[in-house]
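Chemist: The structure under discussion is supplied below as structure tokens; questions concerning it will follow.
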Amino acid sequence: MTDGPVNRDGLVLRPQGGGAAIQPTAWAKPGRISWRFIMPKEDPWAIVMVCVVGLFSLFILSIPVIIIILSFREGRPIDPVSAYSFMHYASVFTDPVAYRALINTITFSLVTLLVAFVFGLPAAWLVERTDLPAKPLLYTLMTLGILLPGFATAMGWLFMLHPRIGLVNVFFMRVVGFAEAPFNIATIVGMGWVQGLSLAPIAFIMTAAVLRAIDPALEESAQMSGANFFNIIRKVTLRLAWPGILAAGIYILTIGFAAFDVPGIIGMSNRIFTFSTYLLTQLAPHDDLPHYGKAAALSTVVMAASGLLALWYGRLQSQAYRYQVVTGKGYRPRILGLGRYVWLAWLFLGVYFLLSKFLPLLIVVWASALPYFQLPSENAFKSMSWSNFENIPWDMTLLGLRNTAILMVLVPTITLACAVAFSWVVLRSKVPGRLAFDFVAFLPHAIPNIVFGVGILLVALFLLRNVIPFYGTLWILLFVFVIGRISYATRMTNSTLIQVHKELEEAATMSGVGTGTIIRRVLLPILAPTMIYAWIWMALLTFRELTLAVILTTKDNLTLPVVVWSMWSSGDYGAASAITLLLICLMVPLTAFYWWAVRKTGIQTT
Amino acid sequence: MIEVEHLSLTYHSAKQTHLAVDDVSFTVKQGQFYTLLGPSGCGKTTTLRCVAGLERPDLGEIRIDGAPVSSSNKDVWIPPNRRSIGMVFQSYAIWPHMTVFENVAFPLRYGVKKVSGRDVRDRVQKALDLVQLGHLADRAAPHLSGGQQQRLALARAFVMEPKVLLLDEPLSNLDAKLREEMRIELRHLVKSMGVTTIFVTHEQIEALTLSDVIAVMKNGKIVQEGNPLDIYQRPANAFVADFIGKSNLVPGTVTTNPSANGIVRVDCAWGSLACSAPSGSTSGAIMVAIRPEHLELTPSGSADENVLVGTLEAAAFVGNMTDCIVKVGQTSFKVQLHPDRTPVVGSQVSLYIAARHCLAMRADA
Ligand SMILES: Nc1ncnc2c1ncn2[C@@H]1O[C@H](COP(=O)(O)OP(=O)(O)OP(=O)(O)O)[C@@H](O)[C@H]1O
Ligand SMILES: [Mg+2]
């Protein structure tokens, strides 16, 4: 999940090359940096925060490093001595399945991007540049759309377009009389379609922010010089928005690289692998020992690819903001009257929501009510029952629910606490090299989360095995979830802290208080609205998080989405659907709370 | 008392370094109202923040009441929250999530010198009454007007009864009329508290009306220090002459030795002037500073009077006077005349000025 200001601040705060390079000059020898100035010893909270940030950064940094080391290490990771070579890389690129998976990942990401743009861009344009009614509603639906778990819609689409049991296919074969199934969702393109539908809101939110930032005077002057509607869009609007749109595209590509829900639900059972699902087969093969070295090599390849994308993204973002002729205040965007065509806009948006949310969900409901999956018919309606719900393995589900609930409270809380410490150190402290911490906090955003999952798995299994045995506990999930969310959280706290005038804190210092009191009594109350908003958002994302959990769970630290996953992988589609519905129902009150918080605090997600 | 000695501070950023405060020394006596005056970017705020402890100087020593709070030689560093300094910020820095009362009570409740509950009430009320905000104690702080916020910031700075008060352009956010009222009130308040005060401003009028002592800064250095009258009447160099009030600055060369009463003759582009040389710049190339209000249409008859003959080029009526431009030779002079006595534009005028109002000074700062 990302949005406008987050990216913007990511840019503003990213170290701009050598920020910490202090050059002594001939005419004024700078006094040596005294730690008493940076962190006076009467100020324990400053010290605590710097330590937390330092330790946390070390952890984050160590993960890619360990992955890279293990990717070169021959033999098993536990072997005390071992040679180093390109063996694992060779095995990645020579193993046809692994190679296929990499190619699949690229195709999958591109299709995802295409679909997300086809729906997201026009929707953004409709909201920002036309007189479409009920815009806030559209924003809300789009934002909430991000929350719907990817595995739920993936199930729905599989039930619809599975070559054998898919409702639509069965309909065409039995009722219309096709010889074979006309659709097959269990393909790379099919999975890209489903993933793209679920990422369209991100394309929407990001491009809407870009469009909003373009001064309409530029479009108006094009109009005054006689350009027609399509030329204005093509030559002016799109031109100006291009860096921003491209940046959104790269961001979506990065998500596509590491997406797990859709390829997991649809692809795995049909033996079509992408990076993330193939990674899982290497870490937990059914019939073999785990191939940690190969997984590490594969992760390194993807890390490198997404690192390059992130670099490009960063450059585009700075370009986007250089281009931007923002006046910020007092301009009204040029609004196009839709007139008679407003129904077309609604049709378009309606089709999107139907395809991406309502149809798949409806079918999951249908599936959960049937003992086995079948076309709607008199018979089917007769056989509807609660039996799937009754047969839910409650001990597992309740354990998952308990774990998920714990994580849902702890993850946002700890993440925000760390994020405040990060922002404070980067923006307010005088610690030398503080900008580097901001870069570290940005890393989990640039590197796919699943890679962090793999890294922590390796750390837990091999490095900390005898020191802190936290593999298989809830704490390892807590830890990796916090890392996975830290980029988002620091972007949020950074962007609010930047808006808080520094003098508010300095006034408190001059009143004789230390950092702890400043944070408690001045900063936190001022940051509260953003914090509440970010807390709920992260809680919701934690609630439905499958990817990171799947890599790290054992039977003891199951989360609710993992219960769904294991039901699904064992072929119990009815129970999987039932638990998914349960999960979505549990999300409703929280989502309502989120909505309330957004309205109350007036924070826009864009 | 505040003593600042050889204070230097350099800002470092990615691409460049900037010497913001360059070997600044000054002393503020007990109870004195001391003003740092200078154009934007000259390092006033930075100097003030060094005294507060919000910046760490590279070099130099700062003592408050004789005790060093920051010293590069002795490696002394007292953090800002332990210096017992009251400060009013340019933005006022009123905490928006608190009421007026809570804002003022903050230093007493959480500060280094904590005060018990009952005393908090009393002292806050006293401080609020002092700035005439007593009746607004329970109002949410953002709901105050600009002037009220400014007084609230003062009350918050006063409430700890600090040894030293630092004011960073406290009047700059107010509109013109309110600023004038608050100017008088501010001096009155500070003087009634008897607190040693450093005041930062770039408005000469504020500096002249409020201060006991003014230090004029330029490029991180103090270029002149003195009481307001001194600074105005005897600017040490062309920069001060022009920055404090307006001056006509004319380059010239001293041609005679000073006479018994300190008068020298200076050759300028269009002729020779009798000038006084207050700061001893009595030889070589100099600047002559002439205030527009000192040029008169009628001779006063004093012995050392200069006469400038020129053409009235333009005149703008601004109420209590007329701003005129008179061209003497190739040089344009700003002149202020009485509206009733302003000749028609284009006519020939003779301007008279006493030698003591023609100030010869070094051209450089
Ligand atoms: N944090 C900083 N990093 C780098 N340079 C700075 C920083 N703060 C101030 N400067 C520079 O130091 C110089 C002095 O700044 P200072 O704020 O002291 O000026 P000032 O005299 O208070 O000006 P003003 O009247 O505009 O407030 C300026 O040129 C400014 O650009
Ligand atoms: Mg300033």
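Chemist: Using modelled backbone amide H atoms (1.01 Å from N, in-plane), which distant-in-sequence or interchain residues come within less than 5 Å of B:THR99's amide H?
Modeler: Hits under the 5 Å cutoff: B:ALA141.
Chemist: Taking a threshold of 20 Å on the Cα-Cα distance, which of the pairs B:LYS44/B:LYS218; B:LYS177/B:LYS334; A:LYS430/B:LYS15; B:LYS15/B:LYS218; B:LYS74/B:LYS113; A:LYS294/A:LYS555 fall above it?
Modeler: Beyond 20 Å: B:LYS177/B:LYS334; B:LYS15/B:LYS218; B:LYS74/B:LYS113; A:LYS294/A:LYS555.
Chemist: Kindly sort A:TRP568, A:TRP312 by accessible area of their heavy atoms, largest first, with the probe set to 1.4 Å.
Modeler: Output order, biggest surface exposure first: A:TRP312, A:TRP568.
Chemist: At a probe radius of 1.4 Å, figure out the A/B buried accessible area, summed over both chains, and give it in Å² to the nearest 100.
Modeler: Counting protein atoms only, the buried area is about 3200 Å².
Chemist: For the range B:93-139 and the range B:284-337, compute the distance between their C-alpha centroids and round to whole Å.
Modeler: 54
Chemist: Would you please give the FRET efficiency between A:ASP288 and A:TRP475, computed as 1/(1 + (r/R0)^6) with r the Cβ-Cβ distance and R0 = 30 Å, to the nearest 0.05?
Modeler: 0.55
Chemist: Go through A:49-61, B:252-264 and give me the packing order, highest mean Cβ count within 10 Å leading.
Modeler: For the peptides A:49-61, B:252-264, the packing ranking is A:49-61, B:252-264.
Chemist: Sort by residue number and report every cysteine in the protein assembly as shown with no other cysteine beta carbon within a distance under 4.7 Å.
Modeler: A:CYS51, A:CYS418, A:CYS585, B:CYS42, B:CYS50, B:CYS268, B:CYS324
Chemist: Chain B: Rg/Rh from Cα coordinates, Kirkwood Rh?
Modeler: On the Cα set of chain B, Rg over Rh gives 1.06.
Chemist: Then there's this: Compute the accessible area per residue over the range A:102-235, keeping the other protein chains in place, probe 1.4 Å, unit Å².
Modeler: That works out to 38 Å² per residue.
Chemist: Right, here's the next one. What's the carbon and sulfur percent of chain A's accessible surface, probe 1.4 angstrom, rounded to a whole number?
Modeler: That share works out to 68 percent.
Chemist: Give the aspartates and glutamates whose C-alpha is closer than 18 Å to that of A:LYS135, dropping any in the same chain fewer than 8 places away, or say none.
Modeler: Leaving aside aspartates and glutamates fewer than 8 places away in the same chain, those within reach of A:LYS135 are A:ASP3.
Chemist: Among all the aspartates and glutamates, which ones have a C-alpha under 20 Å from A:LYS382's C-alpha, if same-chain residues fewer than 8 places away are not counted?
Modeler: Result set, ordered by chain and number: A:GLU390.
Chemist: A follow-up question, please. Pop out the carbon and sulfur fraction of the accessible area of chain B as a percent, whole number, probe 1.4 Å.
Modeler: 50
Chemist: Would you mind telling me the antiparallel percentage of the DSSP bridges in the range B:2-233, rounded to 5?
Modeler: 60
Chemist: Under a point spin-label approximation (7 Å from Cα along Cα-to-Cβ), what is the A:VAL52-B:GLN233 distance to one decimal in nm?
Modeler: Going by the 7 Å Cα→Cβ label model, 6.2 nm.
Chemist: Under a straight-distance cross-link criterion of Cα-Cα below 21 Å, which lysines are reachable from B:LYS114, leaving out those fewer than 8 residues away in the same chain?
Modeler: The qualifying lysines are A:LYS41, B:LYS126, B:LYS163.
Chemist: With r as the distance between the Cβ atoms of A:ARG402 and A:PHE59 and R0 = 30 Å, compute the FRET efficiency 1/(1 + (r/R0)^6) and round to 0.05.
Modeler: 0.70
Chemist: What FRET efficiency comes out for the pair B:VAL309/B:ASP175, r = Cβ-Cβ distance, R0 = 41 Å, nearest 0.05?
Modeler: 0.40
Chemist: For the ranges A:428-434, A:258-264, what's the packing order if you count other beta-carbon atoms within 10 Å of each residue, average per peptide, and put the highest first?
Modeler: Ranked from most to least packed, the peptides come out as A:258-264, A:428-434.
Chemist: Return the calculated 222 nm mean residue ellipticity for chain A, to the nearest 500 deg cm²/dmol, obtained by summing -39500 (n - 2.57) across DSSP H runs with n ≥ 4 and dividing by the residue count.
Modeler: So the calculated ellipticity at 222 nm is -21500 deg cm²/dmol.
Chemist: If you don't mind, there's one more thing I want to ask. Per residue of A:522-529, what is the mean number of Cβ atoms on other protein chains within 10 angstrom of that residue's Cβ?
Modeler: Other-chain Cβ atoms within 10 Å of each residue's Cβ, averaged: 2.
Chemist: Roughly how crowded by other chains is peptide B:9-21, in terms of the mean Cβ count from those chains within 10 Å of each of its Cβ atoms?
Modeler: Whole-number average of other-chain Cβ neighbours for B:9-21 is 4.
Chemist: Also, quick follow-up: What is the distance in Å between the Cα centres of the range A:413-434 and the range A:455-534?
Modeler: The two parts, judged by their Cα centres, are 7 Å apart.
Chemist: Right, something else. Averaged per residue, what accessible surface does chain B expose to a 1.4 Å probe, in Å²?
Modeler: Computed with neighbouring chains in place, this is 43 Å² per residue.
The values are calculated or read from the model by the stated rules, or taken from the named source; none is laboratory data. Owing to the predicted nature of the structure, the values given are computational and were not obtained by experimental measurement. Positions of Cβ are generated from backbone atoms using ideal geometry, with glycine treated the same way; all protein chains shown enter the neighbour counts. Surface accessibility is based on the protein's heavy atoms, side chains included, excluding ligands, DNA and RNA. Shrake-Rupley method; radii C 1.70, N 1.55, O 1.52, S 1.80 Å.
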